[in-house]
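Engineer: My structure is below; once you've seen it, I'll send some questions.
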Amino acid sequence: MAKMTEEKTGARGGAQAKSKKKKTPRQPMPEQDPRRRRHNFEEVPQGYSEETAILEAGRCLQCKKAGCIQGCPVNIHIPGFIGLIAEGRFVEALLKLKEQNALPAVCGRVCPQESQCEALCILGKKGEPVAIGRLERFAADYAREHGGVPDPEQAPATGKKIAVIGAGPAGITVAGELARWGHDVVIFEALHLAGGVLMYGIPQFRLPKEIVQYEISSLQKLGVEIRTDYIIGKTQTVDQLLEEDFDAVFIGTGAGLPVFLGIPGENAIGVFSANEFLTRVNLMKAYDFPKYATSPIRPRQVITVGGGNVAMDSARTSLRLGAGSTIVYRRSRSEMPARAEEIHHAEEEGVEFHLLTNPVRILTDEKNHVTGMECLKMELGEPDASGRRRPIPVEGSNFIIPADTVIISIGNQPNPLVPQTSPEIEVTRKGTIITDPETMMSSKPGVFAGGDIVSGAATVISAMGQGKKAARAIHRYLMGEDPPEANPETPDNDTQED
Amino acid sequence: MGTISLTIDGQGVEVQEGKTILQASREAGIVIPTICDHKDLNPYGACRMCVVEIEGVRGFPTSCTTPASDGMVVKTQSAELTTLRNRTLELMLSGHPNSCLVCVHREACEKYRPGATKAGRATRCGFCSNREECSLREMALRAGENELGLPTLYSAHNVERSDPFMDRDYNLCILCGRCWRICEKIHGKPAISIINRGKWARLGTAFHKSHVFSGCTFCGSCIDICPTGTLTDRFARWYGKPDDRNLSACTLCAEGCSLFALTKSRRLVATRMTSFQWEASLCALGRFALAQIVNAPERLIRPAVQEGEDQIPCDWDTALELAASELPRFTESLAIVVSESTTREDRFLYARLAERLGASLIVVPSSRNGVEKELQGFTADLEKGRFRAVISGGDFLSAELLKGLNFSVVIDCLPSSGARGAKVVLPAAVLSEVEGTWRNVSGEVKELPAVSLPPGQARPEWQIICQLAQKMGLEGFEFKSAREVTSLVGSDPAPRPFDGEPRRGLRQLPSRFRGHLAADWVRPLEAFGMPSTPLEEMTESSKEGFEILERREVVPNMYFIKIMAPQVAKFAKPGQFVILMARETSERSPFTLVDWNGAEGTISLIIEEVGRSSRELISLPVGARVAHVSGPLGMPLPMEKKGTVVLGGGCYGIGAIYPIARGLREAGNHVIVVIEASSSYLLFMEDELKTVSDELIIATKDGSRGTRGGVQEVFVNLVQRGVDVAMFVAVGCTFMMRMAAEATKPLGIPTLVALNPIMVDGTGMCGACRVSIEGRTRFACVDGPFFDAHGVDWDELFSRRSAYSREEIEAMPQMVDLNALIHPHGSGGGCGSSCSHR
């Protein structure tokens, strides 16, 4: 196995690819037929073959000033890993990825590449950008399936102990980095399985849970201890962690508090937060009822309110539970915050879209079961604070969509459990933790935070980006020096709302 | 034999000689109450409810055992008889949980809880799956007495669940003897009988053997004739009383026994024999497996066609069109393989299709060895290349064989390797879902009504064939219903006899249905030695998790469990709860903390067995590990000094108020603890509660101890007595808390209740537990569990708690622990032995 760093693949890879690059189109990824997949929980995109991956990697121009790197919240050396794939050095490509990204198999699947790295790809100016996400996924899957991932190098033990609260994307990233730098890391997770939104939120057909568990187990191989069923803020507070035996604390508790619409009928039987709906199906595996004991939801006609990735996940999960599925979103399609691919997949599978439509109330029968939803048509007005055009109701346009299930997927607020019990940690009016943007340290010394608990509901990769930043800052805070493989800081990339 | 005349209640009655007084009365339309009597049983005289007065006869003879004689003058109603019967009823009820029958809140409670709670032991009607059909309850309610002069003697037998298909709760048994008498009547040698003597007497098998080894054939007659909830059908019991019953027949083997199909909301919940005689009896498959096959969660529900390596679900038209365009190409090289369990109409149409296409029809019998034998020749032909296409009505051909063919259509109800490899898969409605007729081995033609709805898009086979044939342009398939086909069937051959007698022995049951191994879909059949495909083992790590240090059933259904959970123990506060998962496959269920010891790292809980999750937890022995314990959760109740506080606890709440009482007393309050239970034998933790309260008051619904009624009655008494109550805290079932809230509201006393909605994560993440408090939505897991009782929207809470009642019933385990069967339960035993009393 070649060493993981130092090779300069740029020139070589570029030269080699030059002859083909103009002819090769962006390689599509094989997908499960939508007519079949809308009835099952198997993964939708099936990944590149070795040949396709090499072909696609060959399209990369190996830019010296690679724009894609700037587009990546964790600054993966994209041309580097793609060059290695082009040469067929797949495992090395993964190691290159792992220098910056603890979870390439996950990010390759769930990142909004079209608005990040791929948006800045030079090829995209005239044609289609390099499929960076698909290549990232390929490298990670290849190495995992072929068992060729060497254990990462670990610095000698520093004797410092760090508590990471929340085993989601931010927490996993922080823990991975700190463990590699020789620190003793314990992750506290409230649920019974580590992974956070990767386990309870993102469905199996988009991110197989086996992949998440594989990533978690590689974290454990680094010596990270994961204490599940441990609720910081209830079981123990941050202050107690610091008093007892931790030198620093990272809070990555995410945005897990569901927001409801506040319309009449919302507490009827058949109305779910997207969190509950997805948790029942993903984390509790209710789709495998009665083997798994959690009561399944058996919808016939589902309305999902919202236009983000979570709404798409809910609508597509509804199809897989055998229901008809409709999205109700108050703006138009171009304002939808979901990844383009998710909207596309949802449409392909047969999800109906009621755009420019806003719920007014949920209708129920005498037993308090949902029978439908009354909606109002909207039209777009002037842009609002988010820069998106503001939806304005069209008077008298009320109409009813019949349904027995309504899923509310209009966002989540930060989880209040930790800040509630640690008054020294300052929070914004919205409940997000206030941190120094450079160091991710909160108002309480030694307590860092990152991910959705800081930024409000956002993406997996932005949480990981903040996690990386926080990890470096924690190392500096504890050791007074930069971590062994510190990378130059880049400005924080704000990503779209999820 | 001649007729005789006698006078009953002043009415002249003429009956055949040899009839009993009870029979004579019935013929005259005079009702005499009775329990042990049954029209299909010989008189027994056990219950003594049917006593009458006869002129010139001393005492009160039982009318069921006394022959009517000419000139007899009988009185069935008198003050003395009523007293006597009520005494008898009281005696019976003293050995049968009765608190609901005498409870002053019964009607309100049943309004809020229309279905029975899926408890382990039935300690009251509200916990009994037989509530809607119980003869004893009906009689007691008719008698109108809600005072009991005798104490309740709960016998505390363990619920017997180790046998397949049956749950037996002998605590409900009144020894009417119907079960063993019907067993003896039908089978000659009864598999069960009254064992032990005196107060230890109960029903059982010889030497406490499992029913599987006792000669029992699992005909289910004992269950069907039991007037109480003692013997129940495990699969059907919690669905409640069926709302329809239709005469039908079992088509699982050539015998074709008649049966009643019992349905609820057009879902088949059970099948049972049409009358209590050997001739009408059923085998274990017909009685227990049929409904479970029909309800198998794995049923095929949508058509699919093969594209490349993939099978793509599609609509009926697409699937039928593909089949219709391909099949005519094959004619003589097409084989149609059909199970004999299909209706005559289906087979007639299959035959017509075969004839029109020039194809071969192979009808496979349901017999044990039939499938293989019958198919030997066919398989050989297949291998020789005689056939190039096949329509298969079951799991008859392996995927390998199908692969070698040019085209294949599977019309079936359950998945199989063959179906996965087929070019077209069409989901079929089967058994109780299909209308038609069926000829059995003795030539009788039986009617099969369609009484339950097929799952998903499944259709009856006659319809599938007609549609397929019409798409192929064939004539003679223009039928609108199976009935239109019936008259055309004519003299079809009877099925070939089955090579066994399923009704005579568990080892003689047909092992296949449409080629599928029946035990693959109805796992308890494995207990009878039926072949099955091994299940994937769920690997559970035993080292991880939280060790159970103590476990005991403090009172029926209530388990005290002490678990090693240091992180919870260290930080727990009064009023908080934990979420437990017994296994990795369990639900996340909340339980209130009863006690904890930070130094030892232990927590204690009271878990009431009321469904699958709690049953999984209480089934873990000491030393085993609970997969997950997370907590402490919820907002603790502030331990402030208020003055006099009253704490009310019912059911699990008796345990839940213990730490609250302790905390509030330590905070300097005068603490009055009120606990309620249905009956005195269900009270627990009294000694512990005494140590943390200034006064302990007891209430029972049946008045067997303390105040008769619930905590609300005690509370109102206290206030009337002039006790100045600063705060009332009620913890118990939703009904109890609501009653408490209603009692304290007019008094204007601040009242807190610990709400118990359905939860998933318990950390505020999902909102499943949302409750409306004064019109505002709150999450019980993070904002609660304690809320102002007077602001709670109780109706919403009741409705949200019932959201999954159907799924909760379906989740109840049906599997049988085969190891428990190998070793007959109980040790020693035999007549007169008291060791069965545990």
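Engineer: Given the options A:SER295, A:MET373, A:PRO383, identify the residue whose Cα lies farthest towards the positive end of the charge dipole of segment A:260-410 (+1 on Cβ of Lys, Arg; -1 on Cβ of Asp, Glu).
Structural biologist: Comparing the listed Cα positions along the dipole, A:SER295 ranks first.
Engineer: Which of the pairs A:LYS234/B:LYS641; A:LYS160/A:LYS444; B:LYS118/B:LYS241; A:LYS64/A:LYS125; A:LYS98/A:LYS125 have their Cα atoms more than 20 Å apart in this structure?
Structural biologist: Result: A:LYS234/B:LYS641; A:LYS98/A:LYS125 exceed 20 Å.
Engineer: If you stretched the chain out fully between B:ASP795 and B:ASN42, how much longer would it get, using 0.36 nm times the residue separation minus the C-alpha to C-alpha distance?
Structural biologist: Full-extension gain reported as 266.1 nm.
Engineer: Quick one: which residues, 5 or more positions from A:THR364 or on another chain, have an amide H under 5 Å from its amide H? H modelled 1.01 Å from N in the peptide plane, none for Pro or chain starts.
Structural biologist: Under 5 Å from the amide H of A:THR364 lie the amide H atoms of A:THR371, each far enough along the sequence or on another chain.
Engineer: Test of understanding: what is the full-extension gain from B:GLU372 to B:LYS75, defined as 0.36 nm times their sequence separation minus their Cα-Cα distance?
Structural biologist: 100.3 nm
Engineer: What is segment B:546-633 by shape, rounded, prolate or oblate, if you read a ≥ b ≥ c off the alpha carbon gyration tensor as root eigenvalues and call it rounded for a/c under 1.5, prolate for a/b larger than b/c, and oblate otherwise?
Structural biologist: Rounded is the answer for segment B:546-633, as its axis ratio a/c remains below 1.5.
Engineer: Suppose R0 equals 51 Å. What FRET efficiency, 1/(1 + (r/R0)^6) with r the Cβ-Cβ distance, do A:LYS126 and B:ALA820 give to the nearest 0.05?
Structural biologist: Plugging the Cβ-Cβ distance into 1/(1 + (r/R0)^6) gives 0.10.
Engineer: Which of the GluC sites (Glu not before Pro) found in segment B:413-467 are loop residues per DSSP with 16 or fewer other Cβ atoms within 10 Å of their Cβ?
Structural biologist: Sparse-neighbourhood loop GluC sites (Glu not before Pro): B:GLU444.
Engineer: Still on this model: For B:LEU593, enumerate residues with amide H under 5 Å from its amide H, sequence gap 5+ or separate chain, H modeled in the peptide plane.
Structural biologist: B:GLN576, B:PHE577, B:VAL578
Engineer: In sequence order, what are the phi-derived ³J(HN,Hα) couplings for segment B:342-348 according to the Karplus relation 6.51 cos²θ - 1.76 cosθ + 1.60 with θ = phi - 60°, rounded to whole Hz, with x for glycine and proline?
Structural biologist: Result, rounded to whole Hz: 6, 6, 4, 5, 4, 5, 4.
Engineer: Segment B:486-582: which GluC sites (Glu not before Pro) are DSSP loop and have at most 16 other beta-carbon atoms within 10 angstrom?
Structural biologist: In loop regions of segment B:486-582 (DSSP not H, G, I, E or B), the sparsely surrounded GluC sites (Glu not before Pro) are B:GLU536, B:GLU537, B:GLU540, B:GLU544.
Engineer: Leaving out same-chain residues fewer than 8 places away, which aspartates and glutamates sit with a Cα under 14 Å from that of B:LYS471?
Structural biologist: Of all the aspartates and glutamates, those that pass the test against B:LYS471 - Cα under 14 Å, at least 8 places apart if same chain - are B:ASP317, B:GLU321, B:GLU326.
Engineer: Using a simple charge model, +1 on the beta-carbon of Lys and Arg, -1 on the beta-carbon of Asp and Glu, nothing else, what dipole does chain A show about its Cα centre, in debye to the nearest 20?
Structural biologist: 1500 debye
Engineer: Take A:SER397 and A:THR428, extend 7 Å from each Cα along the Cα→Cβ direction, and tell me the distance between the two endpoints in nm.
Structural biologist: Roughly 3.1 nm, to one decimal.
Engineer: Can you work out ³J(HN,Hα) from phi for every residue in segment B:698-705, in order, using Karplus 6.51 cos²θ - 1.76 cosθ + 1.60 and θ = phi - 60°, giving whole Hz and x for Gly and Pro?
Structural biologist: 10, 10, 10, 5, 9, x, 6, 8
Engineer: Label points 7 Å out from Cα along the Cβ direction at B:ALA156 and B:LYS403: separation in nm?
Structural biologist: The answer from the label model is 6.2 nm.
Engineer: Length gain on complete extension for the stretch B:ARG496 to B:GLU133, per 0.36 nm per residue less the alpha carbon to alpha carbon distance?
Structural biologist: Separation in residues times 0.36 nm, less the Cα-Cα distance, equals 126.7 nm.
Engineer: Of all accessible surface on segment A:371-488 at a 1.4 Å probe, what whole percent is carbon and sulfur?
Structural biologist: 52 percent
Engineer: Another question, then. At a Förster distance of 56 Å, what's the computed FRET efficiency of B:ASP687 paired with A:GLU225, Cβ-Cβ distance as r, to 0.05?
Structural biologist: Rounded to the nearest 0.05, the efficiency is 0.85.
Engineer: Find the relative contact order for segment B:3-111 and round it to a whole percent, using C-alpha pairs within less than 8 Å whose residues are 6+ positions apart.
Structural biologist: Over segment B:3-111, the number comes to 28 percent.
Engineer: Which FRET efficiency, nearest 0.05, do B:ASP315 and B:GLU355 yield, Cβ-Cβ r, R0 30 Å?
Structural biologist: Efficiency at R0 = 30 Å is approximately 0.55.
Engineer: Using Cα pairs under 8 angstrom and six or more residues apart, how large is the relative contact order of chain B, in percent?
Structural biologist: For chain B, the relative contact order is 10 percent.
Engineer: At 1.4 Å probe size, what's the solvent-accessible area of B:LYS642? Round to the nearest 10 Å².
Structural biologist: 90 Å²
Engineer: Rounded, prolate or oblate: which fits segment B:595-718 when a ≥ b ≥ c are the square roots of the eigenvalues of the alpha-carbon gyration tensor, with rounded for a/c under 1.5 and prolate only if a/b beats b/c?
Structural biologist: It comes out oblate by the Cα gyration axes.
Engineer: If you don't mind, another one. Treating only the Cβ atoms of Lys and Arg (+1) and Asp and Glu (-1) as charged, compute the dipole magnitude of the protein assembly as shown about its Cα centre; round to the nearest 20 debye.
Structural biologist: Charge dipole of the protein assembly as shown: 980 debye, to the nearest 20.
Engineer: Which one, B:LEU334, A:GLY322, B:ALA482, projects farthest toward the positive side of the charge dipole computed for the protein assembly as shown from Cβ point charges (K/R +1, D/E -1)?
Structural biologist: B:LEU334
Engineer: Return the calculated 222 nm mean residue ellipticity for chain B, to the nearest 500 deg cm²/dmol, obtained by summing -39500 (n - 2.57) across DSSP H runs with n ≥ 4 and dividing by the residue count.
Structural biologist: -7000 deg cm²/dmol
Engineer: Going down the table (B:LYS373/B:LYS403; B:LYS199/B:LYS264; A:LYS291/A:LYS468; B:LYS39/B:LYS75; A:LYS209/B:LYS573; A:LYS209/B:LYS423), which pairs top 28 Å between alpha carbons?
Structural biologist: In this structure, B:LYS199/B:LYS264; A:LYS291/A:LYS468; A:LYS209/B:LYS573; A:LYS209/B:LYS423 exceed 28 Å between Cα atoms.
Engineer: Put +1 on the Cβ of every Lys and Arg and -1 on every Asp and Glu Cβ in segment B:20-161; which of B:MET72, B:GLY126, B:LEU153 then has its Cα farthest towards the positive end of the dipole?
Structural biologist: B:GLY126
Engineer: Relative to the Cα centre, what is the charge dipole magnitude of chain B, using +1 at the beta carbon of each Lys and Arg, -1 at the beta carbon of each Asp and Glu, and rounding to the nearest 20 debye?
Structural biologist: 1160 debye
Engineer: Something else about it: Give me the distance in nm between label points sitting 7 Å out from Cα along the Cα-to-Cβ direction at A:ASN40 and A:ASP288, one decimal.
Structural biologist: For the pair A:ASN40/A:ASP288, the computed spacing is 1.5 nm.
Engineer: Check cross-link reach from B:LYS189 to the lysines: straight Cα distance under 18 Å, and skip same-chain residues fewer than eight apart.
Structural biologist: Of all the lysines, those that pass the test against B:LYS189 - Cα under 18 Å, at least 8 places apart if same chain - are B:LYS209.
Engineer: Sequence-distant or interchain residues sharing an amide H contact under 5 Å with B:LEU414, placed H: which?
Structural biologist: B:LEU300
Engineer: Moving on. Just in segment B:413-512: which trypsin sites (Lys or Arg not before Pro) are loop by DSSP and have at most 15 other Cβ atoms within 10 Å?
Structural biologist: Of the trypsin sites (Lys or Arg not before Pro), the ones in loops of segment B:413-512 whose Cβ has at most 15 other Cβ atoms within 10 Å are B:LYS480, B:ARG504.
Engineer: Given axes a ≥ b ≥ c from the Cα gyration tensor, I'd like to know whether chain B is rounded (a/c under 1.5), prolate (a/b larger than b/c) or oblate.
Structural biologist: Note, shape of chain B comes out oblate.
The values are calculated or read from the model by the stated rules, or taken from the named source; none is laboratory data. Not measured: the values here are computed from a predicted model. Heads up, the Cβs are rebuilt from the backbone with ideal geometry, glycines too, and the neighbour counts pull from every protein chain shown. Protein only, heavy atoms only, side chains kept; ligands, DNA and RNA dropped before computing areas. Shrake-Rupley method; radii C 1.70, N 1.55, O 1.52, S 1.80 Å.
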